[in-house]
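Student: Supplied in structure tokens, the structure appears directly below.
What follows draws every value from the coordinates through simple rules; no lab data is involved. Only a predicted model underlies this, so the values are computations on that prediction, with no experimental measurement involved. Neighbour counts run over all protein chains shown; Cβ positions are idealised from the backbone, glycine included.
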Amino acid sequence: MQPLKAINPNIAKITNESTFDTMSTSSKAAKGRNGKKKALPQIDQKIKQVFLNLETGNISEFTASKKKVKGFFSNKSGRRSMYIGVSKNNYNWQVLINVGNKKKYIGTFPTQKEAAIAYDFYSVALHSEKAKTNFNYSGSLMKEMIQSYLNSASADSLSRSFTPSQFAERV
């Protein structure tokens with residue numbers, strides 16, 4: 001299976017072999033201490049289960065969690081965001097999520113809101129109804145987001161992508 005290729009700075013792609021990377025504007029990918037890329041776990045099965053739970057009514061909505069404001073007002077570096085999982089990286093906003101006590105890199109996005117939506121999508125994919133999100137999502141909007149992700153298979157059918165800019169106006 002092929003590794004990911006850069007296409008667009010605000011689209012994140014995942015391959016079936018659990019390798020995850022984003023179309024980052026920087027040439028450096030997130031790497032661990034051993035030099036290997038940090039990979040998110042495969043989310044296809046988990047996101048399909050969330051979709052099924054939304055269809056059957058087991059989950060009806062996702063409510064926003066408040067970010068702890070510890071040190072937020074003394075933001076001298078300008079890197080801190082008001083959203084969970086989002087921080088400034090040069091001119092873009094990067095998204096990181098905790099998976100099993102390790103931070104995993106999701107990608108970089110041009111706006112803070114798009115980055116927060118991307119965090120929310122992957123948080124729901126990984127944690128289902130226990131997900132901490134930045135915004136409130138109705139069941140129908142989350143189903144639409146999941147459907148957009150599932151329908152986004154590329155020509156080789158090995159990778160999918162989620163584009164948060166499609167949903168930025170509706171959140």
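Student: Tell me which residues come under 5 Å, amide H to amide H, from ILE59 once H is placed; ignore anything under 5 positions away on its chain.
Tutor: Under 5 Å from the amide H of ILE59 lie the amide H atoms of LEU54, each far enough along the sequence or on another chain.
Student: Past the 21 Å Cα-Cα mark, which pairs from LYS104/LYS132; LYS46/LYS104; LYS46/LYS66; LYS103/LYS143; LYS46/LYS88; LYS66/LYS130? Let's see the in-between values first.
Tutor: Details: LYS104/LYS132 16 Å; LYS46/LYS104 17 Å; LYS46/LYS66 24 Å; LYS103/LYS143 26 Å; LYS46/LYS88 29 Å; LYS66/LYS130 14 Å.
Too far apart for the 21 Å limit: LYS46/LYS66; LYS103/LYS143; LYS46/LYS88.
Student: Taking the simple approach of a point 7 Å from Cα along Cα-to-Cβ for both SER138 and VAL99, what is their distance in nm?
Tutor: 3.1 nm
Student: For PHE162, what residues show an amide H to amide H distance below 5 Å, using hydrogens built from the backbone and excluding near sequence neighbours?
Tutor: ALA12
Student: Still on this model: Stokes-Einstein at 25 °C, 0.890 mPa s, Kirkwood radius from Cα pairs: D for region 95-141 in µm² s⁻¹?
Tutor: Rounded, D is 220 µm²/s.
Student: Report the label-to-label distance for ASN58 and MET82 in nanometres (one decimal), using points 7 Å from each Cα along the Cα→Cβ vector.
Tutor: 3.5 nm
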